[in-house]
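K.L.:
Take a look at this one; I'll ask things after.
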Amino acid sequence: MNDLENLKEKLEELQKSVGYVFKDINNLILALTHSSYANECRKRRLHSNERLEFLGDAILNTVISESLYNDGHELSEGEMTKIRASIVCEPSLTKCANNIGLGKYLLLGKGEELTGGRGRISILSDAFEALIGAIYIDGGMESAKDFIMRQMGDLIANSIKGDMIHDYKTQLQEIMQKNPENKISYELIEEKGPDHSKVFVTQVKVGDKVMGTGQGKSKKESEQNAARAALEKAGEQ
């Protein structure tokens, strides 16, 4: 039995997590197919999820824009743009992907598999957008919107209220703890500015490797920004 046949047996479980049953299961399989896998299987003429990701990104931005417009009556255009960008970011999308266990269903090439691709935030966030695209193709805009709001409704509502706080440290911990050897530590490396307006600079290490540096008006804020920088770096690898 090949990997595609193995995957098909598991997709009922994923569809329960997603809250949507596909009319054409091939739409879901396409959303799970990373370019590394498609490249390794050229003889089977498989396509990657990149085109679906493009579509899903556009749908996601439309749904969030509509929600901000309808519910954020006091928000200016500039504020809505900033809030939308803070929602449609790799850490947020990766967290949504992890909430439904998307990583374990991905079709990855051997190289990506061996180097931890199932936990890489760029791959997970792209696959989440591809999944949105697949739901849209399979069931239309309302189905895609329902899925987005189930997964991100609280995040959007909190963002409109101004209560959105990204816990980047927890997200970094969740990603890195998949490998027990990854020890995360934060180190304050600089304090600058006058006492009444200090700026703290913190670096985060995974083992002995510096993964990110951040600054803020408090030590906690600088640690969060360092963790965000580490997440962005991890997404590029």
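K.L.:
For segment 61-75, indicate whether the set of residues that are of a type in the set (A, V, I, L, M, F, W, C), more than 23 Å from residue 229 (Cβ to Cβ) and touching a strand residue (DSSP E or B) at 6+ places or on another chain (Cβ under 8 Å) is non-empty.
P.N.:
Taking segment 61-75 as the starting set, the residues that turn out to be of a type in the set (A, V, I, L, M, F, W, C) are 63-64, 68, 75.
With the extra rule that they be more than 23 Å from residue 229 (Cβ to Cβ), the set shrinks to 63-64, 68, 75.
Imposing the further condition that a residue be touching a strand residue (DSSP E or B) at 6+ places or on another chain (Cβ under 8 Å) reduces the set to none.
Among the residues of segment 61-75, not one is of a type in the set (A, V, I, L, M, F, W, C), more than 23 Å from residue 229 (Cβ to Cβ) and touching a strand residue (DSSP E or B) at 6+ places or on another chain (Cβ under 8 Å), which makes the answer no.
K.L.:
Identify all residues within segment 183-223 that are out of contact with any Ser or Thr (no Cβ under 8 Å at 6 or more places or on another chain), under 13 Å from residue 234 (Cα atoms) and not aliphatic (A, V, I, L, M); write none if there are none.
P.N.:
209, 212
K.L.:
Here's something else I'd like to know. From (1) modelled with pLDDT of 90 or more; (2) aliphatic (A, V, I, L, M); (3) in contact with a Pro (Cβ under 9 Å, 6 or more places away or on another chain), pick out the condition that doesn't hold for residue 130.
P.N.:
Result: residue 130 passes all but (3).
K.L.:
Given the structure, is residue 176 closer than 30 Å to residue 7 by Cβ, touching a residue at least 60 places away in the same chain (Cβ under 8 Å) and among the hydrophobic types (A, V, I, L, M, F, W, C)? Walk me through it before giving the result.
P.N.:
Working: closer than 30 Å to residue 7 by Cβ: yes; touching a residue at least 60 places away in the same chain (Cβ under 8 Å): no; among the hydrophobic types (A, V, I, L, M, F, W, C): yes.
For residue 176, the condition - closer than 30 Å to residue 7 by Cβ, touching a residue at least 60 places away in the same chain (Cβ under 8 Å) and among the hydrophobic types (A, V, I, L, M, F, W, C) - is not met.
The values are calculated or read from the model by the stated rules, or taken from the named source; none is laboratory data. Being a predicted model, the structure only gives us computed values, none of them experimental. Cβ sites come from the backbone with ideal geometry, for glycine too, and all protein chains shown count toward neighbours.
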